[in-house]
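The structure that follows is given in the form of structure tokens.
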Amino acid sequence: FTKTALAATAASYSRILGANDRIGIGYIGLGNRGDQVHEAFLEHGDQFTAAVCDLKEEYMDLAVKKSRGTPRKYRDYRRLLEDRDVDAVVIATPDHWHAPATILACDAGKDVYVEKPASHNIREGRLMVDAARRNGRIVQLGTQSRSRPWVIEAVERARSGELGRLLMAKAWDVQLRDDIGHKEDSEPPEGLDYDLYLGPTTWIPFNENRFHYKWHWHWHFGTGDAGNDGVHQIDVARWALGEEAPTIVSGMGRKAFFDDDQQTPDTMNVTFDYGDKLLQWEMRIWNPYGMEGVDNGVALYGSEAMMQIGRWGRRNGYRIFDREGKMVEDVEGDGSDFHARDFLDSMRSRKLPRADIG
């Protein structure tokens, strides 16, 4: 079983979807986020759960139960990619698996919904874009704010000139994360294929603090909260500014608060310089005090007005302030997930999704 074999059979795996065809989806990774995305897709009647894949049997069993069907179960996602009932895959694995799974899925003729961050490093991201384009695949990144109507509206208003000339944006990820403590390396749990879990990363002994959700805080598997949550705010801010790649990036970060096994920073400040615009991003995952009165969010500063986009407690939306700092508009947003629908629609139309991998 090789990448070449997958590519050779891609044409037979991919099919043209008719208006009444239900889309078969295979799920790769069914932990916390994978379970959430699965539920988002289950809200739509024009799809079905064709297959599930995870190293933990109980995660697959729960997904099968929720699917209200009889999806096939796989331990190795490469076997899932051979399944002819699978038209698309949802990838919600640890970050280090995003690129290999996406590339092989594209070569197998599958469309892909891959969770953020797109990849573990820049080189992987470029290879993912190449795989999507050469195979003509729809690849949607799991930055769901791109599909929320109120965020789209806010960004369009900002870019239309309502705030005047956009000069600067701020984005922040401020929240309370847990101290994970210290744990000794140990043998993997019984039944876990640890070599398969490691996959493309370099070998490292098993440790409970590098498993389950805690993998986010270790470079072998994750990208810290910058890639976990920060990507959402940075993405919206850059989108609103209408910019692509910065000319200069400067920043600093460290573990300023936690004394535990985490490797990734708990505190960061980064500036993206786009020539005539700046984007500043701040991260603190050890206190609850957000900026601009917003928990996690984005502020856009124009020559005539400013806008906040974000979350106030359980309330989503955006606000506009005039030059004197007076709030002149307060728009509440729907917190529902519209991203699954966008992906399914893109699969049928073959038009790029709102959060295209490129």
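Mind running the shape call on segment 228-358? Use the C-alpha gyration tensor, a ≥ b ≥ c as the square roots of the eigenvalues: rounded below 1.5 for a/c, prolate if a/b tops b/c, oblate otherwise.
Rounded.
I'd like the orientation of helix 149-159 relative to the chain: the angle between its Cα long axis and the longest Cα principal axis, in ° from 0 to 90, rounded to 10.
On a 0 to 90 degree scale, this one is about 50.
For segment 191-280, how big is the tail of P(r) above 18 Å, as a whole percent of Cα pairs?
Across segment 191-280, Cα pairs with separations above 18 Å total 56 percent.
Here are some values of Cα extents along the principal axes in Å: (1) 68, 51, 36; (2) 79, 57, 43; (3) 63, 54, 37. Which one was computed from this structure?
For Cα extents along the principal axes in Å, the calculated option is (3).
For the Cα atoms of the chain, what angle does the longest principal axis make with the long axis of helix 231-241, in degrees from 0 to 90, nearest 10?
Taking the Cα atoms of the chain, the angle to 231-241 is about 50 degrees.
Quick check on segment 277-346: what does the Kirkwood estimate of hydrodynamic radius come out to from the alpha carbon pairs, in Å?
14.0 Å
Then there is this: Just to verify a number: FRET efficiency for THR247 and LYS56, C-beta to C-beta distance, R0 = 41 Å, to 0.05?
0.40
Taking the Cα centre of segment 148-196 as origin and charging only Cβ (+1 Lys, Arg; -1 Asp, Glu), how large is the dipole, in debye to the nearest 20?
Its charge dipole is roughly 920 debye.
Right, something else. Extending each Cα 7 Å along its Cβ direction at ASP195 and SER349, get the distance between those two points in nm, one decimal.
With each label point 7 Å from Cα toward Cβ, the separation is 4.6 nm.
With everything on Cα atoms, drop me the angle between helix 339-349 and the longest principal axis of the chain, reported from 0 to 90° to the nearest 10.
So the inclination is approximately 60 degrees.
Express in nm, to one decimal, how much length is gained between GLU304 and GLU184 on full extension, taking 0.36 nm for each residue of separation and deducting their alpha carbon distance.
Full extension of this stretch gives 37.6 nm more.
In whole Å, how far is the Cα centre of segment 311-349 from that of segment 136-198?
16 Å
Can you work out ³J(HN,Hα) from phi for every residue in segment 325-338, in order, using Karplus 6.51 cos²θ - 1.76 cosθ + 1.60 and θ = phi - 60°, giving whole Hz and x for Gly and Pro?
Taking θ as phi minus 60°, the curve returns x, 7, 6, 10, 7, 9, 10, 8, x, 7, x, 5, 9, 9 Hz for segment 325-338.
Charges at C-beta only: +1 for Lys and Arg, -1 for Asp and Glu. How large is the resulting dipole of segment 236-358 about its Cα centre, in Debye rounded to 20?
Magnitude of the dipole: close to 300 debye.
Once the piece of chain linking ASP276 and ASP46 is laid out straight, how much longer is it, given 0.36 nm per residue of separation minus the C-alpha distance between them?
78.3 nm
Let me ask something else. Report Rg/Rh for segment 110-245, rounded to two decimals, where Rg is the Cα radius of gyration and Rh the Kirkwood radius.
Here the Rg-to-Rh quotient is 1.05.
Per DSSP H run of at least 4 residues, take -39500 (n - 2.57); add these up for the chain, divide by its residues and hand me the 222 nm value, nearest 500 deg cm²/dmol.
Computed mean residue ellipticity for the chain: -7500 deg cm²/dmol.
If you keep only loop residues by DSSP, which GluC sites (Glu not before Pro) in segment 266-358 have at most 10 other Cβ atoms within 10 Å of their Cβ?
In loop regions of segment 266-358 (DSSP not H, G, I, E or B), the sparsely surrounded GluC sites (Glu not before Pro) are GLU324.
Which entries in LYS116/LYS214; LYS65/LYS351; LYS116/LYS183; LYS65/LYS116; LYS73/LYS351 show an alpha-carbon gap greater than 21 Å?
Over 21 Å apart, Cα to Cα: LYS65/LYS351; LYS116/LYS183; LYS65/LYS116; LYS73/LYS351.
Values in this text are rule-based calculations from the coordinates and carry no lab data. Model, not experiment: these values are computed from the prediction. Glycine gets a Cβ as well: all are built from the backbone with ideal geometry, and neighbour counts include every protein chain shown.
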